[in-house]
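All remarks here apply to the structure that follows.
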Amino acid sequence: MELVEGEPIVAWADARQLDIAARLRLFLAMADAIHTAHRLLVVHRDIKPSNVLVDAEGQVKLLDFGIAKLLDADEALTDVGSVPHTPSYASPEQLAGGPITTASDIYQAGILLLELLTGTRPATRHGGTTTRVASRAARATVPGCGPPDARAGARASTPDRLARRLRGDLDIIIAKALREEPRSATRRWPRWRRTSGGTWAGCRSWRIPSRWGIGRGSS
């Protein structure tokens, strides 16, 4: 078994005061790993910062498939009642002991993306998600998450500038990922497939605009 050394993705990005574009590049590398697992019908079930490490070369590694599971023929896991998970990142269906699909990983990835971009997790779990969850979080005081100025500073920004940067597409992406209805992965994110231009296929709510500077060939 390979010994992977590195730091959790959020801590690694904060320590280097990475801006939003750089953080999105890290996230897309993680999303590629999740997409590969989903193509093999494997659901990770415990996506959180400590399971996504960045090594000394800046390479992203998705770890701990210890509770991962192959999907059955109906693309849903039903033996989840006693399966361990991390409550602060768990999807609604995980907490309810319901069937698990690839949509559960997408929900967890949405929480991780919010934390990576804003330094916070959803203030209210499973009670409805505003479509401006990210831009509002950038300026919000959230217990246990540090002051907004410090969180924005770790992202080479200010609270107001960070909120403006997150408003629009990224707000929509995160809000869609945090939808409560897990009928299919496409209800949370349309596709986990990168196009030849380095963006994402599917509907507009999961396209990362070229203005973010994270397409193919960017550093």
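The values are calculated or read from the model by the stated rules, or taken from the named source; none is laboratory data. Predicted model only: the values in this text are computed from it and were never measured. Glycine also receives a Cβ, built like all others from the backbone with ideal geometry; neighbour counts cover every protein chain displayed.
When segment 16-56 is filtered for residues that are without any contact (Cβ under 8 Å) to a residue 40 or more places away in the chain and over 19 Å from S104 (Cβ atoms), the ones remaining, listed by number, are R16, A22, A29. For beta carbons closer than 7 Å, sequence separation of 6+ or different chains, a first residue in segment 76-98 that is aliphatic (A, V, I, L, M) and a second that is modelled with pLDDT of 85 or more and surrounded by 18 or more Cβ atoms within 10 Å (Cβ to Cβ), the qualifying pairs are L77/V43; V80/Q94; V83/R45.
Taken over segment 65-81, the residue count meeting the criterion of being crowded, with 16+ Cβ neighbours inside 10 Å and either at pLDDT 70 or above or part of a strand (DSSP E or B) (or both) is 2.
V142 - would you say it is surrounded by fewer than 20 Cβ atoms within 10 Å (Cβ to Cβ), within 21 Å of Y107 (Cβ to Cβ) and either at pLDDT 85 or above or among the small types (G, A, S) (or both)? In short, yes. Checked against the criterion of being modelled with pLDDT under 90 and hydroxyl-bearing (S, T, Y), segment 40-56 contains not a single residue that satisfies it.
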